[in-house]
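Participant: Input: one structure, supplied below.
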Amino acid sequence: MNEIYSLRGVSFNNRIFVASGTFGYGDEVAELVELKRLGGIMTKSLSMKPRDGNPPPRITETASGMLNSIGLANIGVHKFIEEKIPALARHPCAIIANIAASSVEEYCGVLELLDPYQRVDGFEINVSCPNVKEGGLSFGTDPRKVALITKELRKRTQKPLIVKLTPNVTHISEFARAAETEGADAVSVINTLIGMAVNIRTRKPKLSTVTGGLSGPAIKPIALAKVFEVYKSVKIPVFGIGGIATWEDAVEFFLVGASAVQVGTQNFINPRSASEIATGVAEYCTRNSINDVSQLVGSCTADASASVIQSWL
Ligand code: RRO
């Protein structure tokens, strides 16, 4: 079966990617994972200057999920260019640079610095970090800002531009349409959901920032509904993310309309999970005489008009 997936002229090994923030910059786990079995690596979000992130504790486990409040800790774009791009040169999978910023100017500046590097195959624009005071959700919850950021970045690159959306809004489809209208090639659906956990002995929140972003299997049903909503609302491809732990989960996302998927939290349990999921999806297709995953995309026979979300589409 044909596993290659293309977006704006860039070919990916397959449709299974690893989600930003769960795979570092791609070099840390390279020796553990068969990278040619991945469509690509979404890097940890990069900002212009290095950031230490939020104080600990910034990760806590919950039932079927994980709460994080990393706060955009990252090495900064300059160190990424100097140290990581050379180390990624021989990786046999795509590298998508995820960018997060606190102003439109910073998004543009980081993208302009990275765009000339051939090793950077495309961009994922994070307008959905739940754990920073400036930028993050203040952009991602205003469709006019999502439109403006997309428009400005589109002028500055011919590479794939993927906008990563937050589920922490009423109608995510409104934001997907804003990104599509201004030239995004795809949207990633979804970033983490705002959540909270409390230590009953100390009566204090378990995270230093009180709330954090919930990920893992706990959010899969929400992510599926959001992907379905967005798929029904836009023509550009959707990267489905949210609690994918097995190849069966990935197939569910394809069926509700994802053209590609990202494996996130599961990487912390098994860094090989994405490559194993890629193999599982390929075997499922072969068993079912499916020549290309595109035949699965959106083929869930759900009647959108029977759904309560119909009026949002
Ligand atoms: O670094 C983080 O706290 C973080 C980011 Br940038 C994001 O996009 N999503 C998330 O759950 N955490």
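The values are calculated or read from the model by the stated rules, or taken from the named source; none is laboratory data. Being a predicted model, the structure only gives us computed values, none of them experimental. Quick reminder, even Gly has a Cβ in these numbers, built from the backbone with ideal geometry, and neighbours come from all protein chains shown. Keep in mind that these areas ignore ligands, DNA and RNA; they rest on the heavy atoms of the full protein, side chains included. Shrake-Rupley method; radii C 1.70, N 1.55, O 1.52, S 1.80 Å.
Participant: Give me the percent of the accessible area of the chain that comes from carbon and sulfur atoms, probe 1.4 Å, all protein chains in place.
Facilitator: 52
Participant: Further question on the same structure: What list of ³J(HN,Hα) couplings, whole Hz, do you get for region 227-237 from phi and the Karplus terms 6.51, -1.76, 1.60, once you set θ to phi - 60° and write x for glycine and proline?
Facilitator: After applying 6.51 cos²θ - 1.76 cosθ + 1.60, I find 4, 4, 4, 5, 4, 6, 9, 10, 9, 6, x Hz.
Participant: Run the simple label-point estimate for E83 and R156 please: 7 Å along Cα→C-beta, distance reported in nm.
Facilitator: So the label points at E83 and R156 sit 2.4 nm apart.
Participant: Quote to one decimal, in nm, the extra length available between Y117 and M1 on full extension: 0.36 nm per residue of separation minus the C-alpha distance between them.
Facilitator: Extra length from Y117 to M1 when fully extended: 38.6 nm.
Participant: Compute the Kirkwood hydrodynamic radius of region 63-208, taking the inverse of the mean of 1/r over all pairs of distinct Cα atoms, and give it in Å to one decimal.
Facilitator: It is 16.3 Å.
Participant: Let me check I've understood the local charge: for I244, count other residues with C-beta under 11 angstrom from its C-beta, Lys and Arg +1, Asp and Glu -1. What total comes out?
Facilitator: Net charge around I244: -2.
Participant: Rounded, prolate or oblate for region 202-313? Axes are the square roots of the Cα gyration tensor eigenvalues, ordered a ≥ b ≥ c, and the cut-off for rounded is a/c under 1.5.
Facilitator: oblate
Participant: Something else: If the only charges are +1 at each Lys and Arg Cβ and -1 at each Asp and Glu Cβ, what is the size of the charge dipole of region 55-197 around the Cα centre, to the nearest 20 debye?
Facilitator: Charge dipole of region 55-197: 80 debye, to the nearest 20.
Participant: Sorted by packing (mean other beta-carbon atoms within 10 Å per residue), highest first, where do 164-175, 296-307, 77-88 land?
Facilitator: 164-175, 77-88, 296-307
Participant: Something else: Please list, ordered by chain and number, the residues whose modelled amide H lies under 5 Å from the amide H of L193; skip anything fewer than 5 residues away on the same chain.
Facilitator: It is L214, by chain and number.
Participant: Sticking with this one: So for each of 210-218, 138-146 I average, over its residues, the number of other beta carbons within 10 Å; can you give me the resulting order with the highest mean first?
Facilitator: Put in order of decreasing packing, that is 210-218, 138-146.
Participant: With θ taken as phi - 60° and the coefficients 6.51, -1.76 and 1.60, list the Karplus ³J(HN,Hα) couplings across region 130-145 in order, rounded to whole Hz; mark glycine and proline as x.
Facilitator: Per-residue couplings from phi come out as x, 10, 10, 7, 9, x, x, 5, 5, 7, x, 9, 10, x, 5, 6 Hz.
Participant: Report, in deg cm²/dmol and to the nearest 500, the calculated mean residue ellipticity at 222 nm for the chain, where each DSSP H run with n ≥ 4 adds -39500 (n - 2.57) and the sum is divided by the residue count.
Facilitator: Roughly -7500 deg cm²/dmol at 222 nm, from the helical runs in the chain.
Participant: Return a single number: how many Lys pairs in region 180-301, at a sequence separation of 8 or more or on separate chains, have alpha-carbon atoms below 30 angstrom apart.
Facilitator: Step by step, the pairs that qualify in region 180-301 add up to 6.
Participant: Hey, can you grab everything whose amide H is under 5 Å from the amide H of L46? Only 5+ residues off in sequence or another chain; H modelled, so Pro and N-termini drop out.
Facilitator: Residues meeting the amide H criterion: N98, I99, A100.
Participant: What are the ³J(HN,Hα) couplings of region 53-63, residue after residue, when phi is run through the Karplus curve with 6.51, -1.76, 1.60 and θ = phi - 60°? Round to Hz, x for glycine and proline.
Facilitator: Coupling constants for region 53-63: x, 7, x, x, x, 10, 9, 8, 8, 10, 4 Hz.
Participant: Could you give the distance between the Cα centres of region 244-274 and region 79-137, to the whole Å?
Facilitator: Region 244-274 and region 79-137 have Cα centres separated by 22 Å.
Participant: Can you give the charge dipole size of the chain about its Cα centre, rounded to the nearest 20 debye, using +1 on the beta carbon of Lys and Arg and -1 on the beta carbon of Asp and Glu?
Facilitator: With Lys and Arg at +1 and Asp and Glu at -1, about 620 debye.
Participant: Indicate, rounded to the nearest 5 percent, the antiparallel portion of the DSSP beta bridges found entirely in region 191-313.
Facilitator: 65
Participant: Report the FRET efficiency, 1/(1 + (r/R0)^6), for E283 and I59, where r is their Cβ-Cβ distance and R0 is 30 Å, rounded to 0.05.
Facilitator: 0.35
Participant: DSSP beta bridges in region 58-193, what fraction antiparallel, as a percent rounded to 5?
Facilitator: Percent antiparallel among DSSP bridges in region 58-193 is about 25.
Participant: If you take every residue apart from I309 with its C-beta less than 9 Å away from the C-beta of I309, what net charge results, scoring Lys and Arg +1 and Asp and Glu -1?
Facilitator: 0
Participant: Return the percentage of antiparallel bridges among DSSP beta bridges fully within the chain, rounded to the nearest 5 %.
Facilitator: Counting DSSP beta bridges with both partners in the chain, the antiparallel share is about 40 percent.
Participant: Full-extension gain between Q310 and S138, please, as 0.36 nm times their residue separation minus the C-alpha to C-alpha distance.
Facilitator: Going from the current span to full extension adds 59.2 nm.
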